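Engineer: Can you keep this structure in mind? I'll have questions shortly.
Just so it is clear, none of the values below were taken in a lab; they were calculated from the coordinates. Keep in mind it's a predicted model, so treat the numbers as computed, not measured. No Cβ is skipped: glycine too gets one built from the backbone with ideal geometry, and neighbour counts run over all protein chains shown.
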Amino acid sequence: MDDEALRLAVYSTLAATGRAPDRDALAVELGIAAMDVDAGMERPAAARHVVLDAAGDVVLAHPFATSPLGFAVMGERTLWWGGCAWDSFAIPHLVPDEPDVLVSTRCPGCDAALAWVVDRTAPPRGDEVAHFLVPMAQVWDDVVMTCSNQRLFCSTECVDRWLSASSHERGYVMDLPTLWRLARSWYDGRLQPGYQRREPAQARDYFRDVGLEGPFWGLS
Ligand SMILES: [Zn+2]
Ligand SMILES: [Zn+2]
């Protein structure tokens, strides 16, 4: 059983259709028994390529999600769930057949509808901000909770309103250009064979290069 073939089958179906392939479809595509798909999926999950629920179904294959986490990402032909602000801004960089996508969400601070056309050439216009709650060192403690709290807001006033209503400490606030640069190349290679996740030191270099700073990102 080829783990990399399984990972690629999940990712390529999500990229092309916005939906994860089911067990039977994966078994047919890979020429294996359906029960071997479940066992095989545990290794990409252990390697953090996919996040599974208790039933063994794919919840997240970053930047793609299989259920609503606050973001819809619409291309000309395909509709995706974005796992978070970071993921939603990353999807256009992984789907070259789409010239751009519409990322839509609601502001957690005031419930206003927010939307941007995001492409691969430049950050979208707008004064809105992203707020990430969970520092990078703790992202994988509960990755679904982490993604659920990487959101886009009208303004820092809306971030503060949401923080006080939800009794959270402030995480990290960035503008749209910084979010776009963070998302642009983070998932490079995920749809190709042999993808390797970044080592922590490489991740820190990437964060620094896109203009992030401070202990939240593991930077001094
Ligand atoms: Zn708002
Ligand atoms: Zn995410």
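Engineer: Collect the residues in the stretch 90-107 that are within 30 Å of Ser167 (Cβ to Cβ) and out of contact with any Ser or Thr (no Cβ under 8 Å at 6 or more places or on another chain), keeping them in residue-number order.
Structural biologist: Scanning the stretch 90-107 gives Ala90, Ser104, Arg106, Cys107.
Engineer: Would you mind stating whether Asp127 is surrounded by fewer than 18 Cβ atoms within 10 Å (Cβ to Cβ), under 24 Å from Trp217 (Cβ atoms), of a type outside the set (Phe, Trp, Tyr) and within 16 Å of ligand 1 (Cβ to nearest atom)?
Structural biologist: Considered against the rule, which asks whether it is surrounded by fewer than 18 Cβ atoms within 10 Å (Cβ to Cβ), under 24 Å from Trp217 (Cβ atoms), of a type outside the set (Phe, Trp, Tyr) and within 16 Å of ligand 1 (Cβ to nearest atom), Asp127 comes out as yes.
Engineer: Moving on to the next point. Would it be correct to say that Ala27 is out of contact with any strand residue (DSSP E or B) (no Cβ under 6 Å at 6 or more places or on another chain) and away from ligand 2 (no atom under 12 Å from the Cβ)?
Structural biologist: Spelling it out, Ala27 is indeed out of contact with any strand residue (DSSP E or B) (no Cβ under 6 Å at 6 or more places or on another chain) and away from ligand 2 (no atom under 12 Å from the Cβ).
Engineer: When the residues of the stretch 72-93 are filtered to those that are among the hydrophobic types (A, V, I, L, M, F, W, C) and more than 9 Å from ligand 2 (Cβ to nearest atom), which remaining residue is nearest to Val173 (Cα to Cα)?
Structural biologist: Once the filter is applied, the top-ranked residue is Phe89.
Engineer: Follow-up. So which residues in the stretch 180-204 are part of a helix (DSSP H, G or I) and either within 16 Å of ligand 1 (Cβ to nearest atom) or in contact with a Gly (Cβ under 6 Å, 6 or more places away or on another chain) (or both), if there are any at all?
Structural biologist: Matches in the stretch 180-204: Arg204 only.
Engineer: Continuing with the same structure: Specify the residue that is farthest from ligand 1 (Cβ to nearest atom); the eligible residues are those in the stretch 134-159 that are in a helix (DSSP H, G or I) and small (Gly, Ala, Ser).
Structural biologist: Per the stated criteria, the residue is Ala137.
Engineer: Report yes if some residue within the stretch 205-218 is within 16 Å of ligand 1 (Cβ to nearest atom) and surrounded by 17 or more Cβ atoms within 10 Å (Cβ to Cβ); otherwise report no.
Structural biologist: no
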